Amino acid sequence: MAIDSGGGGAKKPRVDEQGDRSEAVDADADRISALPDELRQRILTHLSFKDAIRTGALARGWRDVWKSRWAQRSSVEIHLCSHDALRRELDALAREPRPRCRLDRFSLVADNRKLKSLELQRFIKYAAECRVVDLHVDLRNTANGFAFRLPLCSPLLMRLSLRRMCIANRFYKGAQPFRALEFIQLQTVSIYRPAFHKMISLCPSLLTLYLCDCIFAPFVNLFMPPNLRNVTMTNCVGMLRLQGQRSVPSLRSFRYRGEISNIVMAPFSLPRDAVLADLYIQFARSVSEQDLKKNLCNSLPKDLSGLNVLTICCKALRVAFSFRNDGANAQLPNLNLHNLRELQLLMLEMEAANLADIYVFFKICQCPNLERLFVQLPEFGYQPTEGSIDEVCEEPQVDGLDNLATVKVMNFSWCCAKVQLVSFLLRKAKSLQKLLIVSPNVTPPDVPGVDEADLFYLKEALANGRIMLSDSDDAATQPYHSEVFIEF
């Protein structure tokens with residue numbers, strides 16, 4: 001590094017100027033550090049966690065103050081079991097001095113049937129005054145019909161979880177946008193169209209929407225916030241129609257599990273131009289194929305070629321490809337899944353026709369980059385109907401499984417269709433490194449009706465270690481969607 005010793009360059013500060021500047025900084029630092037610990041900690045409670053850490057650069061006396069900024073408490077967990085507990089908790093919160101200390105989390109669980117709407121709003125108002133980050137309200141055994149009212153202002157709120165209440169329209173007048181809110185979870189919540197639309201419109205930064213056992217009355221059109229990426233629906237009643245507000249919606253992940261409660265409308269409708277990266281579709285066994293045919297294909301995006309992860313049940317699998325047999329190709333999405341890396345098949349039934357559906361899937365969808373395959377077979381109480389395997393004994397010409405390295409088959413038993421499926425995978429997956437089979441019967445029995453060639457492939461793979469047969473699940477090898485559906 002060159003040092004300028006003459007004119008023409010930046011002048012080196014004189015020692016006395018530098019000394020004066022240092023003394024001024026030290027004097028300011030001394031005044032800040034002279035504040036009582038309690039006051040400095042209270043200052044930090046008004047800052048975000050990141051900014052609180054940064055105060056360590058102010059002066060030596062502030063270096064570790066952020067570690068004790070929650071000298072009081074960083075979260076409040078309230079469980080109301082009786083009316084006395086309700087009064088005690090409300091009185092305790094009312095006695096706390098203002099301004100309130102900031103909270104990371106406020107959780108209210110109410111088992112008290114005597115909780116009133118105004119008392120609920122007092123708890124929520126307290127949480128808002130504490131600029132809570134994570135708000136959780138669970139009205140377990142209270143009377144039905146409680147309407148949730150968002151606080152008028154809560155600038156730091158990032159996560160909102162609600163259970164057993166309704167979302168009513170009249171409670172959002174004057175509310176400010178919740179610009180930090182990224183995650184909303186609703187369980188057993190009655191959702192009315194105008195109210196839900198208003199609630200979501202106040203959350204421009206929303207990334208994830210999780211709906212469990214909710215009731216849409218009767219259906220809800222939701223204009224998605226610009227950043228909404230993940231939507232999960234499980235066991236909801238009614239219909240949710242997601243609509244994008246721009247030409248390319250931000251939605252990347254959609255997971256659905258449940259029934260079809262209305263034969264006229266599908267339980268969901270996604271933007272036709274959405275570009276999904278992961279998709280989970282599971283219908284209950286009781287759902288009829290005729291109802292699915294009426295609703296399913298027009299409810300999905302028109303192009304699924306961008307999928308990286310797909311979980312699909314046997315009902316949806318059957319319906320999708322029956323459209324091709326009926327000559328209704330125009331209603332199907334693009335099923336060239338050249339980006340697919342992981343596939344999970346939820347086979348609630350496993351008979352000859354189901355095996356044929358799997359063959360058709362691999363023949364039509366072309367998954368050249370598929371690396372991981374998970375097959376969930378029916379539980380062991382399932383009894384297949386009488387039928388012959390002859391109709392599917394001729395396998396299709398499938399050349400797209402060259403990159404398949406890992407296969408896991410759950411609930412395997414030594415019956416014709418299941419043995420033939422495993423034999424098919426052993427023959428077609430040239431790069432297969434491990435095939436995990438979870439079965440209560442780890443010794444291959446003599447299975448009547450099973451093709452000798454199929455059984456030979458399995459026994460040979462068992463002998464050379466290509467198949468790992470176990471009577472218990474391997475927790476280390478789980479599908480991407482293994483923990484999709486969470487509960488409170």
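The values are calculated or read from the model by the stated rules, or taken from the named source; none is laboratory data. These numbers were taken from a predicted model, which means no experiment stands behind them. Note that each Cβ is placed from the backbone with ideal geometry, even for glycine, and that neighbours are counted across all protein chains shown. Ligands, DNA and RNA are excluded from the accessible area calculation, which covers all protein heavy atoms including side chains. Shrake-Rupley method; radii C 1.70, N 1.55, O 1.52, S 1.80 Å.
For the reader, a short list of remarks on this structure follows.
- Residue that is nearest to the chain's Cα centre (by Cα) [pool: residues in the range 189-216 that are closer than 20 Å to Phe485 by Cβ and open to solvent by 50 Å² or more (accessible area, probe 1.4 Å)]: Leu207
- The sole residue among Val309, Val287, Val319, Val275 that is modelled with pLDDT under 65 and either in contact with a Lys or Arg (Cβ under 8 Å, 6 or more places away or on another chain) or not small (Gly, Ala, Ser) (or both) is Val287.
- Qualifying residue in the range 20-35 (condition: within 30 Å of Tyr126 (Cβ to Cβ) and either modelled with pLDDT of 65 or more or open to solvent by less than 50 Å² (accessible area, probe 1.4 Å) (or both)): yes
- Residue among Leu377, Leu373 that is closer than 13 Å to Leu310 by Cβ, open to solvent by less than 20 Å² (accessible area, probe 1.4 Å) and modelled with pLDDT of 90 or more: Leu373
- Residues of the range 98-127 that are under 13 Å from Arg149 (Cβ atoms), among the aliphatic types (A, V, I, L, M) and within 31 Å of the chain's Cα centre (by Cα): Leu120, Ile124, Ala127.
- Residue within the range 134-152 that is farther than 24 Å from Asp213 by Cβ, aliphatic (A, V, I, L, M), open to solvent by 20 Å² or more (accessible area, probe 1.4 Å) and in a helix (DSSP H, G or I) present: no
- Selection from the range 167-188 of residues that are modelled with pLDDT under 85 and open to solvent by 20 Å² or more (accessible area, probe 1.4 Å): Asn169, Arg170, Phe171, Lys173, Gly174, Gln176
- Evaluated against (1) at pLDDT 70 or above; (2) exposed (fewer than 14 other Cβ atoms within 10 Å of the Cβ); (3) more than 36 Å from the chain's Cα centre (by Cα), Asp16 falls short on exactly one condition, (1).
- The residues of the range 113-133 that are surrounded by 19 or more Cβ atoms within 10 Å (Cβ to Cβ) and part of a loop (DSSP other than H, G, I, E, B), listed by number, are Leu115, Cys130, Arg131, Val132, Val133.
Residues are listed down the side, and each one gets a yes or a no for (1) surrounded by fewer than 12 Cβ atoms within 10 Å (Cβ to Cβ); (2) within 22 Å of Asp278 (Cβ to Cβ); (3) among the small types (Gly, Ala, Ser); (4) at pLDDT 85 or above:
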{"residue": "Ala453", "(1), (2), (3), (4)": "yes, no, yes, no"}
{"residue": "Met468", "(1), (2), (3), (4)": "no, no, no, yes"}
{"residue": "Tyr480", "(1), (2), (3), (4)": "no, yes, no, yes"}
{"residue": "Phe485", "(1), (2), (3), (4)": "no, yes, no, no"}
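- Considering only residues in the range 77-97 that are under 37 Å from the mean Cα position of the chain (by Cα) and not in a helix (DSSP H, G or I), the one that is farthest from Arg113 (Cα to Cα) turns out to be Glu96.
- The test for being of a type in the set (Val, Ile, Thr), surrounded by 14 or more Cβ atoms within 10 Å (Cβ to Cβ), in contact with a Ser or Thr (Cβ under 8 Å, 6 or more places away or on another chain) and modelled with pLDDT of 80 or more does not hold for Val109.
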